[in-house]
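Below is one structure, written out as structure tokens; comments come after it.
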């Protein structure tokens, strides 16, 4: 069965964005959110585009309808250019060719794929098309750079594998874009993005158990995820568990461009941030949430959190719930 997004489809999405912008106006609008990309089109006089837009904390959703054009990001962007961002593209109509990390894929209606904004990529919108772009911080995936690079430009189809679960979920997000607001919506979208990781790994390794050449790193990452609650979690504890030297452990993290301590800290801060935005935990104190992830010094947590996200935990929670 081929899924389609037209009047005969069982999938209902929001009304088409009004295509009232010419190419110059569209380029200016796109650059407000994606300043490092270049846009070109073969039909500048006849090009028309429009979008619906929703922001949920640091996650942005763009439902866009455009004429044929090309989007290119040609540089490797450093941390000074802003946080490292991922983009998820879900095709509604028309076709798009996505190229990144030495791979290209064609996205037909009902397909989705992931790419990252800080490494070169190209999107060729080959005809009049409509798609949903979800932009979010890479750390929401809880993956390191090498792991993310393994799943970019890998198409996920609604009719195969775990895509049968993932694609309809993102379709429903698009169908209800107009009501996505508040902490419950933020939690829903983040949960959908976490589920996407499993689906992408399945699609990137058909018939394989693993293609990784750094199993100690993968095992250590899993161990860290299971022991974030432990204040004693650190290089020595991990090395002892796997019967390796601390030096060997550090070298395996260095192969992935990471350090053990920084990885643990970022994982803890990310989980704290997620819980602070979770409406079911709204009555928990910042200290209780932090302690759940092994950080018991409230002032230290506040300092780290502000360094990472630009505001204290209390101010961040206030920006979500407004109280």
Q: Take the eigenvalues of the Cα gyration tensor for the stretch 23-204, scale each by 5, and report the square roots as semi-axes in whole Å, largest first.
A: 23, 19, 18
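Across the stretch 215-321, how large is the tail of the calculated P(r) beyond 21 Å, expressed as a percent of all Cα pairs?
The answer is 38 percent, as a whole percent.
At a 10 Å Cβ-Cβ cut-off, how would you order 281, 273, fewest neighbours first?
On the way: 281 17, 273 23.
Taking fewest neighbouring Cβ atoms as first place, the list is 281, 273.
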Q | GNM top mover of 88, 77, 196 - the chain, alpha-carbon springs below 10 Å | A | 77
Q: Residues in the stretch 43-80, backbone N under 15 Å from the label point at residue 178 (7 Å along the Cα-to-beta-carbon vector): list them, ranges by number please.
A: 51-54, 63
Q: Specify the residue with the greatest mean-square fluctuation among 17, 68, 231, computed from a Gaussian network of the chain linking alpha-carbon atoms under 10 Å apart.
A: 231
Q. Arranged by the count of other C-beta atoms within 10 angstrom, fewest first, what order do 87, 303 take?
A. 303, 87
Q: Work the Kirkwood hydrodynamic radius out for the chain: mean of 1/r over every pair of different alpha-carbon atoms, inverted, in Å.
A: 21.2
Q: Just report the Cα centroid separation between the stretch 140-179 and the stretch 291-310, whole Å.
A: 30
Q) Taking springs between alpha-carbon atoms closer than 10 angstrom, which of 309, 241, 121 fluctuates most in the Gaussian network model of the chain? A) 241
Q) In nm, to one decimal, how far is the modelled label at residue 24 from the one at residue 198, with both set 7 Å along Cα→Cβ? A) 5.1
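What does the extension gain come out to for residue 124 and residue 55, with contour length at 0.36 nm per residue minus their alpha carbon separation?
22.3 nm
Every read-out reported here was derived from the displayed coordinates using simple, explicitly stated rules and does not represent laboratory data. Here the structure is a predicted model, which means the values were calculated and not measured. Neighbour counts run over all protein chains shown; Cβ positions are idealised from the backbone, glycine included.
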